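The values are calculated or read from the model by the stated rules, or taken from the named source; none is laboratory data. Predicted model only: the values in this text are computed from it and were never measured. Methodologically, a virtual Cβ is constructed for each residue, glycine included, from the backbone with ideal geometry; neighbour enumeration extends over all protein chains shown. To get the accessible areas, we keep the full protein, side chains included, count just its heavy atoms, and leave off ligands, DNA and RNA. Shrake-Rupley method; radii C 1.70, N 1.55, O 1.52, S 1.80 Å.
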2 protein chains.
Amino acid sequence: MNLFGRKQKQTEAHNHIADDLSQKGLRMTPQRLMIVAAVENSTNHISAEEIYEQVIEKYPNVNISTVYRTLDTLAEMRLVTKTDLGDGRVRYHPADKGHHHHLVCRECGAIIDLDEKALTGIQATLLRDYNFIADLRHLGISGKCVKCNRQVVRET
Amino acid sequence: MNLFGRKQKQTEAHNHIADDLSQKGLRMTPQRLMIVAAVENSTNHISAEEIYEQVIEKYPNVNISTVYRTLDTLAEMRLVTKTDLGDGRVRYHPADKGHHHHLVCRECGAIIDLDEKALTGIQATLLRDYNFIADLRHLGISGKCVKCNRQVVRET
DNA sequence: TAAGATGATGCAACCCTTTGTAGTTGCATG
DNA sequence: CATGCAACTACAAAGGGTTGCATCATCTTA
Ligand SMILES: [Zn+2]
Ligand SMILES: [Zn+2]
Ligand SMILES: [Zn+2]
Ligand SMILES: [Zn+2]
C-alpha cells in the first residue's frame, strides 16, 4: 500500500498523487515529489526536519517552509496524518499505512501502540450525537503508563 | 468550586495551593499567586499571553517564561489543564471547573462542547486493556462539523 | 505565441513556547 | 546570625512552525 491506498510502483504512485492534486487545481512540483517520497518511504513517523534533510540532498535550495506547506496540503487532502507524539515536533505518516494510535507516557516517554478499533466507537458516537466528523485517524493520547504511576505511589 | 475543588474564599484558596506546593518542596511566590489567580478568575480558557497581561499590571517586570513555567508546574500538579483549541496557542483551565471537552472544526473554527462522560468509556478501556492512565480531562478533538462537510459535498 | 490568471516557492520576519544560565530568594541547620 | 543548599526568576537565546510578499512557473484562452 502506498500513500493513496493502491498497489503500484513509486512513479505510478506519484502520477496518481499528481492527479489528485490536479483535481483540486494544484500542481505536482519537484519539491512536492521529493516530500511525498520522503513520507512514503519512511519506515515510520517522520518529522518535517527529517523530510527537509532528505530533500535538500537533491535540491539544496528548497526552503523548509515549502516542506511545511506541502505537508499541510497533503494533510488537507487526507493523504498524510499529523500527530503529536510528545517530543516537541509534529510527526507525519502516510494516512493509509498501518491504521493505529499511540499512548504516550508523559513521564518516561514510552509509547504504546493502540489499535484503531479502540476509537471507532467514540467516533460513531460523536457523529450520531454531536453531528461532528472527528478526525481520529492517528492520535497521540498522552497520560501515564502504570510503571511510572507505581513509582509515584512508592515515593509517597 | 475553585482550583482545588473546595468551596472557600480566594485567600484561603491560595493558602491551600501554597500547602500543595509546599508538600512537594515548592514555594508560593508573588508571581505564582498572580498566575493562579488569573487562571482561577478567568471565565474560561485563558492563554499564557492573557495571563501575562494581567500579571504585569501589578508586577511589570515579571517575565513570560515564568508564566509558562508556573503553568507547567500547575499542570503537573493536575490543578490546571492545557488544551489546544486550534487557534495556535495553548489554553489553560482550572482542572476541576466544568468537566468537559471540545469538538473543534478545522474548517470554520466552530467549537462544540462535549460532556466528559463521552470519554469515560475509552478511558476505562485503555486502563484495563493497555495499563495506561490516559489524561482525558479537557481535550480539543479536531475534525469537521456537518455544516462544513455539507459545503464540500455541494461544491463537488 | 502572447497575455492574463493562478499556483508555488524562497526568503525574511514573525509567533508561540522552551531552555540555559547567572543571580536571587527563602529555608534549614548549627 | 552564618553558612549551605535548593528553588525560583529575569533575561537572552533558541526551537519549531507560520505568514507576507515578491518572484517564478504553469495553465488557459484567444
Ligand atoms: Zn503511528
Ligand atoms: Zn512511563
Ligand atoms: Zn473547555
Ligand atoms: Zn465547520
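Quick check on segment A:126-148. Is at least one of its residues aromatic (Phe, Trp, Tyr) and in contact with a Cys (Cβ under 7 Å, 6 or more places away or on another chain)?
yes
Given the conditions (1) at the interface with chain B (Cβ under 9 Å from one of its Cβ atoms); (2) over 18 Å from the mean Cα position of the chain (by Cα), which single one is not true for A:Ile141?
With (1) at the interface with chain B (Cβ under 9 Å from one of its Cβ atoms); (2) over 18 Å from the mean Cα position of the chain (by Cα) applied to A:Ile141, the lone miss is (2).
Condition first: of a type in the set (A, V, I, L, M) and open to solvent by less than 10 Å² (accessible area, probe 1.4 Å). Can you find one or more residues in segment A:83-97 that meet it?
No, because not a single residue in segment A:83-97 is of a type in the set (A, V, I, L, M) and open to solvent by less than 10 Å² (accessible area, probe 1.4 Å).
Taking the condition of being within 13 Å of chain A (Cβ to nearest Cβ) and either under 29 Å from B:Asp19 (Cα atoms) or in contact with a strand residue (DSSP E or B) (Cβ under 6 Å, 6 or more places away or on another chain) (or both), how many residues in segment B:90-114 meet it?
Matching residues across segment B:90-114 total 14.
Taking segment A:26-59 as the region of interest, how many residues are in a loop (DSSP other than H, G, I, E, B), open to solvent by 80 Å² or more (accessible area, probe 1.4 Å) and either in contact (Cβ under 8 Å) with a residue 40 or more places away in the chain or within 16 Å of ligand 1 (Cβ to nearest atom) (or both)?
Residues in segment A:26-59 being in a loop (DSSP other than H, G, I, E, B), open to solvent by 80 Å² or more (accessible area, probe 1.4 Å) and either in contact (Cβ under 8 Å) with a residue 40 or more places away in the chain or within 16 Å of ligand 1 (Cβ to nearest atom) (or both): 2 in total.
All but one of (1) of a type in the set (Asp, Glu); (2) at pLDDT 95 or above; (3) more than 16 Å from ligand 4 (Cβ to nearest atom) hold for A:Glu76; which doesn't?
With respect to (1) of a type in the set (Asp, Glu); (2) at pLDDT 95 or above; (3) more than 16 Å from ligand 4 (Cβ to nearest atom), A:Glu76 is out only on (3).
Would you confirm, using the coordinates I've provided, whether B:Asp87 is touching a residue at least 12 places away in the same chain (Cβ under 8 Å), away from every other protein chain (no Cβ under 12 Å) and more than 21 Å from A:Arg106 (Cβ to Cβ)?
Yes, satisfied.
Going by the structure shown, is B:Gly5 within 16 Å of the chain's Cα centre (by Cα) and either modelled with pLDDT under 95 or of a type in the set (D, E, K, R) (or both)?
yes
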